[in-house]
Structures are given as C-alpha cells and as structure tokens.
Amino acid sequence: MDFYDQYEIEYFLQINKKLNNYLIDTMITPIDIQDLKIDQEVVIYFTPYSQKYIYSLYPKFGKIHSISDDFNQIQIINQSKQIEKLLHDGVSYYGDSLGYDYVIKQITRI
C-alpha cells in the first residue's frame, strides 16, 4: 500500500507541467495577498506542514476573478477556464490553521 494516492501524484505532475508551460516568457514576483487586484495573473505555491499533503496541495494559477472585502474569499479563473478558490481548503488535523504555508507570485508577461 502506497502512502500517496496515485491519482493525486499524476494530477500534481500534470498541473506542474501546465504551470511550467504557462510561465514561459514571464517574470514572477512575490506579492502579498492584500495587494491582489482583479485581473492580475498569479501563481500560488503551497507547502504543507505534513508530507501527507504534498501531492494534494498542488499549485494554482490564473487570473484573479473576485476578491471579498476582507480577502478571505478570493477566486481565480484557472488554466481550464474554470472559477475556483485561490486557496486550498485547510488540511490541519485540529482545524486551528490551514495546515500549510503559501507564497503568491504575480505573473508578468515579457
């Protein structure tokens, strides 16, 4: 029995391949979540606190679609032209944190 789900690994690798192709001829720079604006292109990378979630917390990228006033709900239009939440759901066992850290980077076409 494997520790990781094979489907999760394949999906993680597929998303990373799409991301690498998406980032060709771009410059990425870190940006704070409070500085995000609608229509900005961003990529977000996740680092889980537990290795159990390495493959389930795949990076997300696309254009910012909507931002709530308190920045708790941010949606993007992803590479598949679907609207999704910028952040993954929390994976903390106790629910006292998200269970991961993240880094958001702004994408600039060059």
Just for region 49-77: of the residues that are part of a loop (DSSP other than H, G, I, E, B) and either touching a helix residue (DSSP H, G or I) at 6+ places or on another chain (Cβ under 9 Å) or among the hydrophobic types (A, V, I, L, M, F, W, C) (or both), which one is farthest from residue 9 (Cα to Cα)? 71
Quick check: is even one residue across region 36-46 at pLDDT below 95, within 24 Å of residue 95 (Cβ to Cβ), in contact with a strand residue (DSSP E or B) (Cβ under 9 Å, 6 or more places away or on another chain) and aromatic (Phe, Trp, Tyr)? no
Exactly one of these conditions fails for residue 2: (1) modelled with pLDDT under 95; (2) within 12 Å of the chain's Cα centre (by Cα); (3) not aliphatic (A, V, I, L, M). Give me its number. (2)
Long-range neighbours under 9 Å by Cβ, at least six apart or interchain, first residue in a loop (DSSP other than H, G, I, E, B) within region 25-48, second surrounded by fewer than 11 Cβ atoms within 10 Å (Cβ to Cβ): 25/109; 25/110
Within region 1-16, can one find any residue that is assigned to a strand (DSSP E or B) and in contact (Cβ under 8 Å) with a residue 12 or more places away in the chain? no
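Of the residues that make up region 83-90, is at least one in contact with a His (Cβ under 6 Å, 6 or more places away or on another chain) and not polar (S, T, N, Q)? Even if it seems obvious, please write down each step before you answer.
Just the residues of region 83-90 that are in contact with a His (Cβ under 6 Å, 6 or more places away or on another chain), to begin with: 83.
Right, trim to not polar (S, T, N, Q) and you get 83.
Yes, the conditions are met somewhere in region 83-90.
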Unique residue being aliphatic (A, V, I, L, M) and farther than 17 Å from residue 105 by Cβ when the list is 13, 19, 23: 13
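Would you confirm whether or not region 80-95 contains a residue that is on the phi > 0 side of the Ramachandran plot, among the aromatic types (Phe, Trp, Tyr) and surrounded by fewer than 14 Cβ atoms within 10 Å (Cβ to Cβ)? Spell out the reasoning first.
Step one: of region 80-95, the residues on the phi > 0 side of the Ramachandran plot are 81, 95.
From what's left, among the aromatic types (Phe, Trp, Tyr): none.
So far as region 80-95 goes, no, none of its residues is on the phi > 0 side of the Ramachandran plot, among the aromatic types (Phe, Trp, Tyr) and surrounded by fewer than 14 Cβ atoms within 10 Å (Cβ to Cβ).
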Quick one: how many residues across region 11-48 are exposed (fewer than 15 other Cβ atoms within 10 Å of the Cβ), aliphatic (A, V, I, L, M) and either touching a helix residue (DSSP H, G or I) at 6+ places or on another chain (Cβ under 9 Å) or farther than 19 Å from residue 102 by Cα (or both)? 2
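The values are calculated or read from the model by the stated rules, or taken from the named source; none is laboratory data. This is a predicted model, so every value here is computed, not measured. When we count neighbours, we look across all protein chains shown, and the Cβ atoms used for this are built from the backbone with ideal geometry, even at glycine.
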